[in-house]
There are 2 protein chains.
Amino acid sequence: MGGPAADILIRDGRFAEGPAPANAALVDGGGLLMLPGLVEAHTHLDKNLIGMPWYRNEIGPRRIDRIEADRREKKRLGIDPRRQSERQARQTLALGVTAIRSHVDVDTEIGVANIEGVLGTREALAGLVDIQIVAFPQSGMLIRPGTLELMEESLRLGADVVGGIDPASIDRDPVAHLDAIFGLAEKHAKPLDIHLHEPGELGAFTLELIIERTRALGLQSRVLVSHAYCLGMEATAADALIAQLAELRIAVMTAGPPGRPAPAVKKLHEAGVVICGGSDGPRGTWEPYGTGDMLMRATMIGQRNGFGRDEDLELALETCTTLGAKAIGLDAYGLSVGCRADCVLVDVETVAEAVAAPPVRKLVMSHGRVVARDGALVDELSGGV
Amino acid sequence: MGGPAADILIRDGRFAEGPAPANAALVDGGGLLMLPGLVEAHTHLDKNLIGMPWYRNEIGPRRIDRIEADRREKKRLGIDPRRQSERQARQTLALGVTAIRSHVDVDTEIGVANIEGVLGTREALAGLVDIQIVAFPQSGMLIRPGTLELMEESLRLGADVVGGIDPASIDRDPVAHLDAIFGLAEKHAKPLDIHLHEPGELGAFTLELIIERTRALGLQSRVLVSHAYCLGMEATAADALIAQLAELRIAVMTAGPPGRPAPAVKKLHEAGVVICGGSDGPRGTWEPYGTGDMLMRATMIGQRNGFGRDEDLELALETCTTLGAKAIGLDAYGLSVGCRADCVLVDVETVAEAVAAPPVRKLVMSHGRVVARDGALVDELSGGV
């Protein structure tokens, strides 16, 4: 990751030590800079519009307008979760994303169809992209009876993580919402990943409730809070929360949202909180922006945090690599011996340069296999869905 | 600009009407979407580091740390204003930028050398990129005696616009600073473009002083305020200022800064203020980010302003096209008959799509000449400096 040039041995899909065997296949790295595979810690694989006709967005400004449009358009446009999740995962693999945590909608209209779709993609891309699935009650959980049962069914089908969303402002009962999802997590021994958009003091209160339950249930390292805009509130109020997040090893995900309060990446990092980056999904009905490129996300996170110094740009990249891996609990991640050989080669001088202006991905390797060159999947993987 | 497909006639470098003459040269537009040439309303052509070794940024957090590092590193790194300004203008021409307003440093150490350098580039690229030069007292004006005289010399040499910077917080005397630059503008019949980073109430006060002078001297349409972070203050205080900016046709430039208060683009636009976009310069000692791509800047402005609807993304692009042209006083700009044939072709369905995820520039035309394809200058223009 910006170290000196070196020959690297890969054996059985992992970085290895020692001299290369005589019959080892050679991949020319061209002396380029090597980064570990990029980690997408927060997206919505099931509902992008990649490869579909442009969607003219005329949605109102409130979150509930978006949630309702999302549910309506999913049906009207025929957004196929199996197809769209594979499209996004392939598109971002070509950009170096080798691990993804995806929230996947569960509700009383679609049931677990989206979970099944993304499970299908996970199987189709096994060995290429590692996909974690969060059962996500996008439309609310308590306010839509039957949703909690569908989330439990999702876990049985193979979802890895229990999701949640705005326990107060969407589900209208923060204690009941959190008790339900923490209960589900405990019952199935799964980690939690909770969308928390609630701003300011309301979000801080909900975060306190999350902290209390994490502590009571001994779920250190098992809880991630996504967005956490409330941590962008004035320093004195946020400080006490940040100390407890560090103590309980509750991770935080940020998309580096421009123009919104947001967690201060360097401050949280220095306080010992694992803070990671997520794209929140490219081209959808929610938001039209982006491609899911996690190197560009590192740029956005750097810019949102006012980072100009090289060491700070390096931290921005870590949120989309090592810290992302830590936040979502990937093992054998990184450029060390024994780690899975996932990496990205770019033609720049320094890590900071890669963040400052994301360059073409000259080569992407996943599990020791060259999967993309010059930003496109290699021939034997192209085509797709 | 997103209209239906059409054949377009170009004569003498301008969009024309009527049937094509039999011997007209054909350029295949491939049915792609056509945008007008992109307008960069605010950059610093003289001090980027394009094509130079990566600069490790370890600069302190204050504006004055940056100004001092800027002056020091300019000398130490040998940033040649002639060479670097051409590099940036060429790089962004390949991305569709056909008109640039550049602030160019004038101070008592470098004198007018940077002005001369950028004048050289303007001449070298005449007919390809239209460059406006702002004589810019980056290091302060009143606090560095002799600077005002150098600014006047810059105007005599060919600078087009009188610059200014933070009359209170840098020059320590807002009335004296503004009286001096408005006096210079009046004497030489030049427009003004003032950097105003001053936040909140201080910036609002300085902006009031700018408004008073614009009104007193009858300089409607001749003043642009760059950055204007103070307009990001709470609505009631900003509203009175915005009404006066509209009345006096004082334009505002924003880079869409993530994580800072900033002018609200839609609000200003709806109030009748001309608001335009600027990149503020790629890869420098101030900020390491970006390439100077003004389509990506439209994306940043859209994201900073929370734009999701198509009509809002279209407005974001206008800040980097038509509104940019209006703000810096370009004539014959646009896709209408009689306008200079500057345009960009992109392979997307809609204008909003071009903003949501900036695509490859398939073709760039300047003054009716094809200058770039697929993001790179055509062979006869490549090479450069």
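The values are calculated or read from the model by the stated rules, or taken from the named source; none is laboratory data. On a predicted model such as this, the values are computed, not experimentally measured, just so you know. Note that we place each Cβ from the backbone using ideal geometry, even for glycine, and neighbour counts take in every protein chain shown. Accessible surface is based on the protein model in full, side chains and every heavy atom, while ligands, DNA and RNA are left aside. Shrake-Rupley method; radii C 1.70, N 1.55, O 1.52, S 1.80 Å.
From B:ASP342, B:ASP347, B:ASP374, grab the single residue that is more than 10 Å from chain A (Cβ to nearest Cβ), acidic (Asp, Glu) and touching a Gly at 6+ places or on another chain (Cβ under 6 Å). Break it down into steps so the answer makes sense when it comes.
Details: B:ASP347 fails: touching a Gly at 6+ places or on another chain (Cβ under 6 Å); B:ASP374 fails: touching a Gly at 6+ places or on another chain (Cβ under 6 Å).
So the residue among B:ASP342, B:ASP347, B:ASP374 that is more than 10 Å from chain A (Cβ to nearest Cβ), acidic (Asp, Glu) and touching a Gly at 6+ places or on another chain (Cβ under 6 Å) is B:ASP342.
Does B:VAL337 count as closer than 23 Å to B:ALA243 by Cα, more than 7 Å from chain A (Cβ to nearest Cβ) and among the hydrophobic types (A, V, I, L, M, F, W, C)?
Details: closer than 23 Å to B:ALA243 by Cα: no; more than 7 Å from chain A (Cβ to nearest Cβ): yes; among the hydrophobic types (A, V, I, L, M, F, W, C): yes.
No; evaluated as a whole, the condition is false for this residue.
Please verify whether B:ARG304 is within 10 Å of another protein chain (Cβ to nearest Cβ), closer than 22 Å to B:THR43 by Cβ and not β-branched (Val, Ile, Thr), treating the condition exactly as stated.
Numbers: within 10 Å of another protein chain (Cβ to nearest Cβ): yes; closer than 22 Å to B:THR43 by Cβ: yes; not β-branched (Val, Ile, Thr): yes.
Yes; evaluated as a whole, the condition is true for this residue.
Only residues that are open to solvent by 30 Å² or more (accessible area, probe 1.4 Å), more than 23 Å from A:GLU349 (Cβ to Cβ) and within 23 Å of the chain's Cα centre (by Cα): list them for the stretch B:21-63, please.
Result: B:MET34, B:ARG63.
Among the listed residues B:ASP293, B:ASP280, identify the single one that is under 16 Å from the mean Cα position of the chain (by Cα) and facing chain A (nearest Cβ under 10 Å). Spell out how you get there, then give the answer.
Numbers: B:ASP280 fails: facing chain A (nearest Cβ under 10 Å).
Selected residue: B:ASP293, the only one of B:ASP293, B:ASP280 that is under 16 Å from the mean Cα position of the chain (by Cα) and facing chain A (nearest Cβ under 10 Å).
Which of the residues belonging to the stretch B:240-262 are within 14 Å of chain A (Cβ to nearest Cβ), more than 14 Å from the chain's Cα centre (by Cα) and within 18 Å of B:HIS42 (Cβ to Cβ)? Break it down into steps so the answer makes sense when it comes.
The initial filter retains those residues of the stretch B:240-262 that are within 14 Å of chain A (Cβ to nearest Cβ), namely B:254-262.
Next, only the ones that are more than 14 Å from the chain's Cα centre (by Cα) stay: B:257-262.
Answer for the stretch B:240-262, where residues must be within 14 Å of chain A (Cβ to nearest Cβ), more than 14 Å from the chain's Cα centre (by Cα) and within 18 Å of B:HIS42 (Cβ to Cβ): B:PRO257, B:PRO258, B:ARG260, B:PRO261, B:ALA262.
Restricting to the stretch B:83-93, and then to whatever is touching a residue at least 40 places away in the same chain (Cβ under 8 Å) and in contact with an Asp or Glu (Cβ under 8 Å, 6 or more places away or on another chain), can you tell me which residue is nearest to the other protein chains (Cβ to nearest Cβ)? I'd like the intermediate steps shown before the answer.
Of all residues in the stretch B:83-93, those touching a residue at least 40 places away in the same chain (Cβ under 8 Å) come to B:83, B:85-93.
Now restrict to residues that are in contact with an Asp or Glu (Cβ under 8 Å, 6 or more places away or on another chain): B:85, B:92.
Numbers: B:SER85: 18, B:THR92: 13 Å.
Among those that are touching a residue at least 40 places away in the same chain (Cβ under 8 Å) and in contact with an Asp or Glu (Cβ under 8 Å, 6 or more places away or on another chain), it is B:THR92.
Condition first: of a type outside the set (Phe, Trp, Tyr) and within 11 Å of chain A (Cβ to nearest Cβ). Now tell me which residues in the stretch B:33-62 satisfy that. Break it down into steps so the answer makes sense when it comes.
Our first condition is that a residue be of a type outside the set (Phe, Trp, Tyr); within the stretch B:33-62, this holds for B:33-53, B:56-62.
Scanning the stretch B:33-62 gives B:LEU33, B:LEU49, B:ILE50, B:MET52, B:PRO53, B:ARG56, B:ASN57, B:GLU58, B:ILE59, B:GLY60, B:PRO61.
Which one of these is open to solvent by less than 10 Å² (accessible area, probe 1.4 Å), under 21 Å from B:LEU217 (Cβ atoms) and polar (S, T, N, Q): B:SER85, B:SER102, B:SER154? Step through it out loud before you land on a result.
Details: B:SER85 fails: under 21 Å from B:LEU217 (Cβ atoms); B:SER102 fails: under 21 Å from B:LEU217 (Cβ atoms).
On inspection, the qualifying residue turns out to be B:SER154.
So, in the stretch A:202-247, exactly how many residues are of a type in the set (A, V, I, L, M), in contact with a strand residue (DSSP E or B) (Cβ under 8 Å, 6 or more places away or on another chain) and without any contact (Cβ under 8 Å) to a residue 60 or more places away in the chain? I'd like the intermediate steps shown before the answer.
Within the stretch A:202-247, the first condition is being of a type in the set (A, V, I, L, M), and the residues that meet it are A:202, A:204, A:207, A:209-211, A:216-217, A:219, A:223-225, A:228, A:231, A:233, A:235, A:237-238, A:240-243, A:245-246.
Narrowing the set further to residues that are in contact with a strand residue (DSSP E or B) (Cβ under 8 Å, 6 or more places away or on another chain) leaves A:207, A:210, A:219, A:223-225, A:228, A:231, A:245.
In the following step, the residues that additionally are without any contact (Cβ under 8 Å) to a residue 60 or more places away in the chain were identified as A:207, A:210, A:219, A:223, A:225, A:228, A:231, A:245.
Summing the residues that are of a type in the set (A, V, I, L, M), in contact with a strand residue (DSSP E or B) (Cβ under 8 Å, 6 or more places away or on another chain) and without any contact (Cβ under 8 Å) to a residue 60 or more places away in the chain in the stretch A:202-247 gives 8.
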